[in-house]
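Take a look at the structure set out below.
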Amino acid sequence: MMAASSVSSLLLPSPAPGLDSGKTSCRSCQSNAGRRLGDPFVRCSGPIPKVLNGVKRGGQLTSVKRRDAIGLLCGLSSFFINSFNVNGAGLPPEEKPKLCDSTCEKELENVPMVTTESGLQYKDIKVGGGPSPPIGFQVAANYVAMVPSGQIFDSSLEKGQLYIFRVGSGQVIKGLDEGLLSMKVGGKRRLYIPGSLAFPKGLTSAPGRPRVAPNSPVIFDVSLEYIPGLDVDEE
């Protein structure tokens, strides 16, 4: 299970050894979520000696304050950070693969809901033409698991491989077990799983994945691809 990541900070590197005898650093230059447009801003702190060096301008010696040098450094850093964020802000959110697209969702509105004695509900997106899996047999299936709002928290499609397990043997949550047992190979179904048949302990959140509260309802789109070892051809 992936743990939630902490918010990272963008820090400017410390000055090179020997360059700064006053040990001045730009330690607190950070990217912060930002103001009106979400732009980061940069803040700098550290001991500021009065004079960094002398520069000759028009025959006269002009002092260059360390404050000016650090301000220029931080200003340039802020510019590049802002440029990076502006370029990334226009990117559209990544579309996750689904078993039921927008057309399927509209058609599903007219499909009758089936409710079982356990409280499990389902709608058949597509009725398969093959056999139903016997209890204890392995099945190969694809699934997309969602919270009621539609946010995906797990998916075999994203992992790029079929999920194989023994159906009816308690290897998955009860609602998924029950929902698959009455499916046929080649079928596709949406399961509305009540909290009592879902995750008793819940699931923690992770980057890109919502939290699933203990005993909360979940939705699974599943497709039964085949039954390994069952020598029955699909009709």
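The values are calculated or read from the model by the stated rules, or taken from the named source; none is laboratory data. This one's a predicted model, so the numbers in the text were calculated from it and none came from an experiment. Virtual Cβ from ideal backbone geometry, glycine too; neighbours counted across all protein chains shown. Just so you know, the surface numbers come from the protein's heavy atoms only, side chains and all, with ligands and any DNA or RNA stripped out. Shrake-Rupley method; radii C 1.70, N 1.55, O 1.52, S 1.80 Å.
Of note:
- Residue-count net charge about Val167 - beta-carbon cut-off 10 Å; Lys, Arg +1, Asp, Glu -1: -1
- Probe 1.4 Å, accessible area per residue of region 96-163, Å²: 57
- Pairs with C-alpha atoms separated by more than 19 Å, drawn from the list Lys126/Lys184; Lys96/Lys201; Lys96/Lys184; Lys159/Lys201; Lys123/Lys184, are Lys96/Lys201; Lys96/Lys184; Lys159/Lys201.
- Each residue was assigned an accessible area with a 1.4 Å probe, and for Tyr122 the value is about 40 Å².
- Dipole magnitude of region 172-235, debye to nearest 20 (Cβ charges: Lys/Arg +1, Asp/Glu -1, about Cα centre): 620
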